[in-house]
1. Thr82 passes all but one of (1) part of a strand (DSSP E or B); (2) β-branched (Val, Ile, Thr); (3) under 20 Å from Pro31 (Cα atoms); which number fails?
2. Pairs please, first residue from the stretch 454-478 and under 25 Å from Val396 (Cα atoms), second anywhere and of a type in the set (Lys, Arg) and part of a helix (DSSP H, G or I), Cβ atoms under 7 Å, 6+ apart in sequence or on different chains.
3. In the stretch 389-416, how many residues are under 18 Å from the mean Cα position of the chain (by Cα) and either modelled with pLDDT under 95 or of a type in the set (Val, Ile, Thr) (or both)?
4. Please work out which residue is nearest to Thr154 (Cα to Cα), limiting yourself to the stretch 185-198 and to residues that are buried (at least 21 other Cβ atoms within 10 Å of the Cβ) and within 22 Å of the chain's Cα centre (by Cα).
5. Kindly indicate which of Lys344, Lys386 is surrounded by fewer than 22 Cβ atoms within 10 Å (Cβ to Cβ), of a type in the set (Lys, Arg) and over 22 Å from the mean Cα position of the chain (by Cα).
6. In the stretch 254-274, which residue that is in contact (Cβ under 8 Å) with a residue 60 or more places away in the chain and of a type in the set (D, E, K, R) is surrounded by the fewest Cβ atoms within 10 Å (Cβ to Cβ)?
7. Can you name the condition, by its number, that Gln350 falls short on among (1) of a type in the set (S, T, N, Q); (2) surrounded by fewer than 21 Cβ atoms within 10 Å (Cβ to Cβ); (3) more than 30 Å from Gln493 (Cα to Cα); (4) touching a residue at least 40 places away in the same chain (Cβ under 8 Å)?
8. Being more than 23 Å from the chain's Cα centre (by Cα) and not aromatic (Phe, Trp, Tyr) narrows it down to one residue among Ala150, Ala213; which is it?
Amino acid sequence: MTAKNILYRVCFPDLAGHRIQVSLHIPKPNPQGQELFLPAWIPGSYLIRDFSRQIESLSATSDKKTVAVQKLDSHRWLCAPTNGPLHIEYTVYAWDLSVRSAHVDETHAFFNGTSVFLGVHGQENQPCFVDLQAPKKQKDWRVYTSLPLAPKRTKGAAKRHEFGLYMAPDYDALLDHPVEMGTPQHISFHAHGALHEMVFTGVIPNLDLERIAADAKAICEAQISLFEPDDNRVPFLDSSDRYVFMTMVTGDDYGGLEHRSSTALMASRCDLPTLSQRDQPKTAGYQTFLGLVSHEYFHTWNVKRIKPAAFAPYQYLQPNYTELLWVFEGFTSYYDDLMLLRAKVVSEEQYLSLLAKNIDVVHRTGGRLKQSVTESSFDTWTRFYKQDENSPNALVSYYSKGALVALGLDLYIRQHTQDQRSLDDVMRLLWQRYGRDFYQGKPHGVTEDAIPGLILEATGVDTSDFIQRHAHGRDDVPLQPLLQAQGIELQWQAESPLPSLGVRLKNSPQGLQVATAYEDGAAHHAGISANDIIVALDGLRVNDQASLNKLLAAYTAGDKVELHVFRRDELRSFRAKLGPAPQQTCSLKRLIS
């Protein structure tokens, strides 16, 4: 069967050199010359990443004769015409420890299809077989992926968790099932009858797998019930027989990337629970990890199947512009922590604390007054993923403020329907209309102007003005009165009583470094800039944040101080008028009736 199908053979001949060797068999190449391409970006991470730069060598043969290959641009190649099957050999360098690309060494191999599988132009709708070959010296390695097994009757078909043949119905599906290989810690559970697996790669002593699985199960079941309250239908069975959480554990990393039947996560070792902590309350770090699990799982519905029209289908060689990421990432960022509460893995008090932190993040960003979340969504390709020292002054996150817009919409709908309708009804309508049969029928997505009408249809509430002001416009979401109507009090206070320099600071090998000088803050008006190293205040040495705070304690807002800084290797002096401590820390609490 595979001789008549597109076949990728993936080998690992040089783990120490971090290389993946790929053989691509094309049984019926275009007789005019076969074009090949590698995606320039990966869905879920909206930045052109030029994965093709990691292809070290590429050659083509047909009937054992060399075929000329011309590179057309950064992402495309053209093979000369042939009379028979075309065979491509290429090597991928894989040393990017992230959820987006590929990483190979003697302990494991992880890769996304966007970094490894060349596309066969014109044949993207054809089935794709993948032959995963075990490294010669890693006999105990296993395979963890949601990529479906090749049919049992196929010669070389893999068994679950083993090397051998896997299969995707088309190229788009092939790219949406990352692969982890090695000897990770592993546990599985069933949520509403559907199999879920969790694998953790890295050194993690005494990891409490059972606790993590129990909490993840509760989260998954709560989300399934949200979208399918009648029969708890699981979404990912349209593309796999299981859902796989793949977590790379390091000292201090964090992140996630969603796929149609799996997710790739990165987590800090200290955030995960150990057996010695089994009877102890959840740490803040573990709550953060569970929020990540919840966020990426929610994407199984919202963005992997309910999509903006601009993503149906993906265009892999160019940016896919949409103003709707505030819905697809922002709504997901609202529901991720909310589902922790509904799953009862955090208390209401803990949830309100998580919510307050997100409100803090948004309100400390002056850029929210300059950029709307629709503009942030559209500009993600050039701005959000390329942030610099001025970004807090210029940008707003469609994740964090998008979550506040979602919260505001949810509260607004509840207030105008006496709690008879909510944002849940909107998500279910989106699922029924756009997501439930996305991979069975002709894919179609949400158009750019559809959200107000969908909310009106689902709830009977006209939110067009609200969306115009808070999503298309730059107005802050009026959370205080909306929360008050739900019996929750929002208060603002200063994080510290100290007068403010109006800077974000970070420790560096050179000393206390200015990461951002906030617009209209004391440092900005004095002339202090990002990357300056603060070395003295009024003639007294500054070593770090703690020493600076001790010195600031002697002053009040309005006092003028002399600051000495190094800018590159030049010592400079600035006179700054200290500002008042900003009221930027939010607290939320349930009112006692």
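The values are calculated or read from the model by the stated rules, or taken from the named source; none is laboratory data. These figures come from a predicted structure and were not determined experimentally. Cβ atoms come from the backbone with ideal geometry, glycine included; neighbour counts cover every protein chain shown.
1. Here Thr82 clears every test but (1).
2. Between residues of the stretch 454-478 that are under 25 Å from Val396 (Cα atoms) and residues that are of a type in the set (Lys, Arg) and part of a helix (DSSP H, G or I), the close pairs are Arg474/Arg368; Asp475/Arg469.
3. Count: 1.
4. So in the stretch 185-198, the residues buried (at least 21 other Cβ atoms within 10 Å of the Cβ) come out as 191, 196, 198.
Then drop every residue that is not within 22 Å of the chain's Cα centre (by Cα), which leaves 196, 198.
Details: His196: 26, Met198: 28 Å.
Once the filter is applied, the top-ranked residue is His196.
5. Lys344
6. Here the residue is Arg269.
7. Of (1) of a type in the set (S, T, N, Q); (2) surrounded by fewer than 21 Cβ atoms within 10 Å (Cβ to Cβ); (3) more than 30 Å from Gln493 (Cα to Cα); (4) touching a residue at least 40 places away in the same chain (Cβ under 8 Å), only one is false for Gln350: (3).
8. Details: Ala213 fails: more than 23 Å from the chain's Cα centre (by Cα).
From the options Ala150, Ala213, the qualifying one is Ala150.
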